[in-house]
Amino acid sequence: MARRLTDQWLLIFVKAPAPGQVKTRLRPWLSPDQAAQLYRCLAQDTLAAATRVQGVRVALAYAANAAFPDCAWLDAKAPVVLQEGADLGERLTRAFRWAFRRKAQRVVIIGSDAPHLSARWLAQAFRALGRADVVLGPTTDGGYHLIGLNEANPALFAGMPWSTSRLLANTLGRIEQLRARVHCLRPIADLDTPKDVRRYAAGLNGRRARTHTARYLATLKLR
């Protein structure tokens with residue numbers, strides 16, 4: 001039987017694109033305004049990929065600020081829930097609970113700064129939740145860009161080394177302690193450092209820019 005739209009939720013974690021507060025590891029290689037514009041493009045591409053996944057409902061988990069109190073800049077028709085919590089672990093826990101309270105049976109949360117993310121990759125995560133308790137989408141720097149659950153599990157997020165190369169390994173260790181079944185998707189790269197951006201731009205290899213991110217990078221004189 002096909003799943004109803006409300007059975008599966010895909011939440012995108014999005015930050016207010018304020019210059020100086022997003023993609024800070026790209027400074028001073030990129031200016032604060034350039035880094036903020038790059039983040040906007042990444043978020044737009046993430047939303048576009050998410051809305052192409054069949055049979056899921058998309059929502060935005062938003063970290064707002066005074067300059068960007070809502071997601072009007074993203075021009076999204078998806079529902080918005082504000083991120084709440086002292087650290088990323090608390091924010092993930094509350095976002096999962098928000099979706100499961102709405103009768104979701106499978107919930108996937110993704111970040112908004114991986115240009116290689118695709119609708120096919122996201123769909124694989126939902127299918128994997130049919131046979132696993134936890135699905136992870138690793139990043140090439142030792143973290144993860146995606147996590148999917150069949151039920152809220154705060155223990156996965158407590159005391160984790162966020163934004164470090166140990167995150168994926170520690171999470172897999174915690175999953176083993178909990179005796180949960182895990183499925184890992186193929187790793188993808190995010191754009192956190194100048195090296196990441198250079199590698200992604202070089203990989204375009206002169207092809208026609210099809211994404212917001214690729215088109216914006218084509219306007220910059222990268223060195």
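Read the figures in this text as sums done on the coordinates, not as results from a lab. For clarity, every value in this text was computed on a predicted model and none was experimentally measured. Reconstructed Cβ throughout: ideal geometry from the backbone, glycine too, with neighbour counts over all protein chains shown.
Some observations on this one:
- Peptides 108-115, 134-141 ranked from most to least packed, by the mean per-residue count of other Cβ atoms within 10 Å: 108-115, 134-141.
- Tail beyond 17 Å, pair distance distribution of region 167-223 (Cα, percent): 54
- Cα Rg, Dmax (largest Cα-Cα span) when computed across region 44-135, Å: 13.5, 43
- Calculated [222 nm] ellipticity per residue, helices only, for the chain: -10000 deg cm²/dmol; basis is -39500 (n - 2.57) per DSSP H run with n ≥ 4, divided by all residues, nearest 500.
- The charge dipole of region 1-77, taken about the Cα centre with unit charges on the Cβ atoms of Lys, Arg (+1) and Asp, Glu (-1), comes to about 200 debye, rounded to the nearest 20.
- Helix 32-51 axis, angle to the chain major axis (alpha carbon atoms, nearest 10°): 40
- D_trans [Stokes-Einstein, Kirkwood Rh over alpha-carbon pairs] for the chain, 20 °C, 1.002 mPa s, µm² s⁻¹: 120
- With θ taken as phi - 60° and the Karplus curve 6.51 cos²θ - 1.76 cosθ + 1.60 applied, the whole-hertz 3J(HN,Hα) list for region 188-204 is 10, 9, 10, 10, 10, 10, x, 4, 4, 5, 4, 5, 5, 5, 5, x, 5 Hz, x standing for glycine and proline.
- Counted residue by residue at 0.36 nm each, then reduced by the alpha carbon distance between them, the extension gain from Ser31 to Asp70 reaches 11.7 nm.
- Quarter of the Cα convex hull surface for region 110-211, i.e. its orientation-mean projected area (nm²): 6.9
- The chain: angle of helix 167-177 to the longest principal axis, Cα-based, in degrees nearest 10: 0
- Leu220/Arg52 FRET efficiency (R0 30 Å; Cβ-Cβ; nearest 0.05): 0.65
- Each peptide in 94-100, 151-157 gets a packing score, the mean of other Cβ atoms within 10 Å over its residues, and the list from highest to lowest is 94-100, 151-157.
- Peptides 48-60, 20-32 ordered by packing proxy, namely the average of other Cβ atoms within 10 Å per residue, highest first: 48-60, 20-32.
- Charging the Cβ of each Asp and Glu at -1 and of each Lys and Arg at +1, and nothing else, the dipole of region 13-143 about its Cα centre rounds to 540 debye.
- Test item: Cα-centred dipole of the chain, Lys/Arg +1 and Asp/Glu -1 on Cβ, debye: 680
- Alpha-carbon centroids, region 180-221 and region 74-138: separation in whole Å: 20
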